[in-house]
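Report on the structure given below.
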């Protein structure tokens with residue numbers, strides 16, 4: 001599986017506990033999805049999820065640029081719906097979940113880009129490598145649930161290059177070439 005560009009998407013629904021300045025939220029794992037979509041062999045897409053995410057964030061709609069967040073995703077929780085592929089992605093050739101059991105994101109700053117949209121600049125640590133990334137985020141609103149708990153919804157996405165994080169696996173196709181060179185020959 002070729003993973004040049006990895007598109008990560010994060011949907012959050014979280015519970016509220018109040019502080020003096022902003023709402024402090026805990027990521028609600030049961031209502032949060034971390035999904036990804038990758039290009040496979042240059043001709044199709046494969047998608048999946050990381051099923052275990054935890055973390056917290058603070059957010060005040062009246063001062064959104066003061067928000068902060070951190071998230072931890074267990075790499076072994078990757079699920080593409082195909083057991084053999086998932087085992088390969090967990091192996092030392094890709095995520096190496098034994099050596100790198102989690103990826104993390106921590107906010108550095110947040111900039112408003114519209115009424116409910118933001119660029120969240122932060123550090124993503126994956127496969128032992130930390131790199132700056134920008135999440136394109138939207139605040140979807142907040143409500144009280146039937147039990148009286150305050151809930152807030154957010155979506156965020158980013159694109160990363162797996163090679164920037166040391167994920168360099170490249171398998172040769174039957175032709176003896178890598179898939180990029182094979183595609184170039186096909187286009188000639």
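The values are calculated or read from the model by the stated rules, or taken from the named source; none is laboratory data. Predicted model only: the values in this text are computed from it and were never measured. As a convention, Cβ positions derive from the backbone with ideal geometry for all residues, glycine included, and neighbour counts pool all protein chains shown.
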Matching residues in the range 20-38 - criterion: being closer than 22 Å to residue 138 by Cβ, more than 12 Å from the chain's Cα centre (by Cα), touching a residue at least 12 places away in the same chain (Cβ under 8 Å) and not in a strand (DSSP E or B): 22, 28, 29, 31
Set 132, 115: member being in a strand (DSSP E or B), loosely packed, with under 12 Cβ neighbours inside 10 Å and modelled with pLDDT of 85 or more: 132
Residue that is surrounded by 15 or more Cβ atoms within 10 Å (Cβ to Cβ), under 18 Å from residue 27 (Cβ atoms) and either touching a helix residue (DSSP H, G or I) at 6+ places or on another chain (Cβ under 6 Å) or modelled with pLDDT of 95 or more (or both), where the choices are 125, 155: 125
Residue in the range 19-34 that is at pLDDT below 80, within 20 Å of residue 118 (Cβ to Cβ) and buried (at least 16 other Cβ atoms within 10 Å of the Cβ) present: yes
Some residue of the range 39-50 being more than 16 Å from residue 154 (Cβ to Cβ), in contact with a helix residue (DSSP H, G or I) (Cβ under 6 Å, 6 or more places away or on another chain) and surrounded by fewer than 17 Cβ atoms within 10 Å (Cβ to Cβ): yes
The range 90-111 - residue that is surrounded by 16 or more Cβ atoms within 10 Å (Cβ to Cβ), outside any loop (DSSP other than H, G, I, E, B) and touching a helix residue (DSSP H, G or I) at 6+ places or on another chain (Cβ under 9 Å) and, of those, modelled with the lowest pLDDT: 110
Of all residues in the range 50-77 being modelled with pLDDT of 85 or more and part of a loop (DSSP other than H, G, I, E, B), the one that is farthest from residue 123 (Cα to Cα): 51
Test result for residue 143, in contact with a helix residue (DSSP H, G or I) (Cβ under 6 Å, 6 or more places away or on another chain) and either surrounded by fewer than 18 Cβ atoms within 10 Å (Cβ to Cβ) or modelled with pLDDT under 90 (or both): no
Single residue of the range 39-49 satisfying the filter (in a strand (DSSP E or B) and over 18 Å from residue 135 (Cβ atoms)) that is modelled with the highest pLDDT: 48
